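The values are calculated or read from the model by the stated rules, or taken from the named source; none is laboratory data. Bear in mind the structure is a predicted one, so any value in this text is a computation, not a measurement. Every residue, glycine as well, gets a Cβ built from its backbone with ideal geometry; the counts of neighbours run over all protein chains shown.
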Amino acid sequence: MKRITAIILVLLLMLSAAACSKGSKVTGTVVEGTLTVGFDQEFPPMGFVDDNGEFAGFDLDLAAEVAKRLDLKLELQPIAWDSKDFELESKNIDCIWNGFTINEREDSYTWTDPYMANTQVFVVRADSGISSLADLAGKTVMVQSDSSAEKALGKRTDLVESFGELLTAADYNSALMDLESGAVDAVAMDNIVASYHIEKKGAGFAILNEELAAEDYGVGFLLGNEALRDKVQAALEEMAKDGTLAKISNEWFGKDITTIGK
Amino acid sequence: MDLSVLITKLSEGMLVSVEIFSLTLLFSLPLGLLVAFGRMARNVVLRNAIKVYISIMRGTPLVLQLMVVYYGPYFIFNINMPRSYRFVAVIIGFALNYAAYFAEIYRGGIESIPAGQHEAAKLLGYSRSQTFIRIILPQVIKRILPSVTNEIITLIKDTSLAYVISVPEMFKEAKAIASAQSNMVPYVGAGIFYYVFNYLVAFIMEWIEKRFSYFR
């Protein structure tokens, strides 16, 4: 029996030997010389897997340009959106850069200035006959859990009470599948993402003109990491001045919808 | 997206799933045997410690265990883990969990061998380890194979749980592509990949079972 105890001890030692500390923090990044960007790879057009199977997106292009200007290597780390805080706090990533809504999260992260504006909207089937928020009375509405749309709905209790039912989905894509199949009547989500999806899919969906909420996107850093935030902020302002920001925005959205330095 | 790109991406994810699968088996099958010995030990402290271990591993969701193994070092012990720990954590989590299940399968097999065989072997002058390796184990293996096959097939499908700590296994890849392409094809592809993998494993296990069908 002593032998078995010894073997178990050795195994435990091997496990704990796997633990060792990380590199220094001169640049304020978790890995020296590297900017590790955490993003949800299911969030087109901000960060997603493109037709060639590569990571692509408006936000990732911005991050790549910023990393270049700061002379840092860019590392893209797809994360589970529910675990974003764990990833940031356990220092696996430097920032969350992924159509990340500042509103309602102001005090939870160290933010750059907002770099673009977004709205929360309702998506419905084009042939559903729903054209205003009032038409949603008695209908089934779906929202992604832990999303800013869910937070925005939390402030509109009058509206939510008029719904027949409010359901939450794990990701917006399954919510849209439910919408298409007729299981739900409307989905509350980010306008930018909804527009991308409608464009990709063609007709069938429509966005209600009445908005749920207006909000801003920013880059979120671990609370207190002003050193790195200031560097990224400066790089973004520089890009706004020399037109790079407008250029990248044009490539993705056909117009300049960025808001930094304006 | 071209079908070839889709297949390439799913294959990359599949490779990660296969790695998780193989490494988990490599560690959990022997570890399970050690745990089974601990569970049957005469030492009360060891036996009860192992009982608690098995009870926790079987009584909590694997998803939760993976999160504890991955985020635990930082949030409990304040240790910064290297970047590669993400994948290591998956293997540790899966191996610890599956070892508990395998241990109980082993124990069931070992305890099903009549005590008379131990006594006879002792009379014939076999030592305890000789008895176990030459007489008990060969019979145990063939008895437990169907249960082990069950666990192994569950393991293939469980590899998809690695998504909670953002390991790019196949299901995560399929979800990412499905949301970018806004269609269901990647999910169908993922289903086919899993099925083929399971079919192969079931085929191999059946072959092994046949090889062990002696003494019948």
By residue number, the members of the stretch A:84-121 that are free of Cβ contacts under 8 Å to residues at least 60 places away in the same chain and either in contact with a helix residue (DSSP H, G or I) (Cβ under 7 Å, 6 or more places away or on another chain) or of a type in the set (Phe, Trp, Tyr) (or both) are A:PHE86, A:SER90, A:GLU104
When A:ILE248 is run through (1) more than 14 Å from chain B (Cβ to nearest Cβ); (2) under 22 Å from A:VAL49 (Cβ atoms); (3) crowded, with 20+ Cβ neighbours inside 10 Å; (4) not hydroxyl-bearing (Ser, Thr, Tyr), the failure sits at (3)
Which residues, taken from the stretch A:71-87, are touching a strand residue (DSSP E or B) at 6+ places or on another chain (Cβ under 7 Å) and surrounded by fewer than 19 Cβ atoms within 10 Å (Cβ to Cβ)?
-> A:LYS73, A:LEU74, A:GLU75, A:GLN77
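Out of all the residues in the stretch A:57-70, is one or more part of a strand (DSSP E or B) and within 13 Å of another protein chain (Cβ to nearest Cβ)?
no
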Taking only pairs six or more apart or across chains, which ones have beta-carbon atoms under 7 Å, a first residue in the stretch B:141-162 that is of a type in the set (A, V, I, L, M, F, W, C), and a second residue that is not in a helix (DSSP H, G or I)?
-> B:ILE141/B:PHE212; B:LEU145/B:PHE212; B:ALA162/B:GLU169
Go through the residues of the stretch A:196-203 one by one and say whether even a single one is out of contact with any helix residue (DSSP H, G or I) (no Cβ under 7 Å at 6 or more places or on another chain), part of a loop (DSSP other than H, G, I, E, B), loosely packed, with under 15 Cβ neighbours inside 10 Å and outside the structural domain of A:VAL37 (by TED's automatic domain parsing).
-> yes
Subset of the stretch B:56-90 (residues that are among the β-branched types (Val, Ile, Thr) and facing another protein chain (nearest Cβ under 10 Å)) = B:VAL69, B:ILE79, B:VAL88
Exactly one of B:ALA176, B:ALA121, B:ALA180, B:ALA115 is more than 14 Å from chain A (Cβ to nearest Cβ), buried (at least 16 other Cβ atoms within 10 Å of the Cβ), farther than 20 Å from B:LEU25 by Cα and small (Gly, Ala, Ser), and that one is B:ALA121
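Conditions (1) at pLDDT 90 or above; (2) over 25 Å from A:GLY138 (Cβ atoms); (3) touching an Asp or Glu at 6+ places or on another chain (Cβ under 8 Å), marked per residue:
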| site | (1), (2), (3) |
| --- | --- |
| A:HIS197 | no, yes, no |
| A:ALA214 | yes, yes, no |
| A:ALA227 | yes, yes, no |
| A:LYS241 | yes, yes, no |
| A:THR244 | yes, yes, yes |
| A:SER249 | yes, yes, yes |
Picked from the stretch B:9-55 (must be of a type in the set (S, T, N, Q) and within 12 Å of B:TYR101 (Cα to Cα)), the residue farthest from the other protein chains (Cβ to nearest Cβ) is B:SER55
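Each row is one residue, and each column tells you yes or no for (1) closer than 16 Å to B:ILE91 by Cα; (2) over 15 Å from the mean Cα position of the chain (by Cα); (3) hydrophobic (A, V, I, L, M, F, W, C).
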residue: B:SER28; (1), (2), (3): yes, no, no
residue: B:PHE37; (1), (2), (3): no, yes, yes
residue: B:TYR53; (1), (2), (3): no, yes, no
residue: B:ILE56; (1), (2), (3): no, yes, yes
residue: B:LEU66; (1), (2), (3): yes, no, yes
State yes or no: is B:ALA174 under 20 Å from B:SER4 (Cβ atoms), touching a Gly at 6+ places or on another chain (Cβ under 7 Å) and either part of a helix (DSSP H, G or I) or basic (Lys, Arg) (or both)?
-> yes
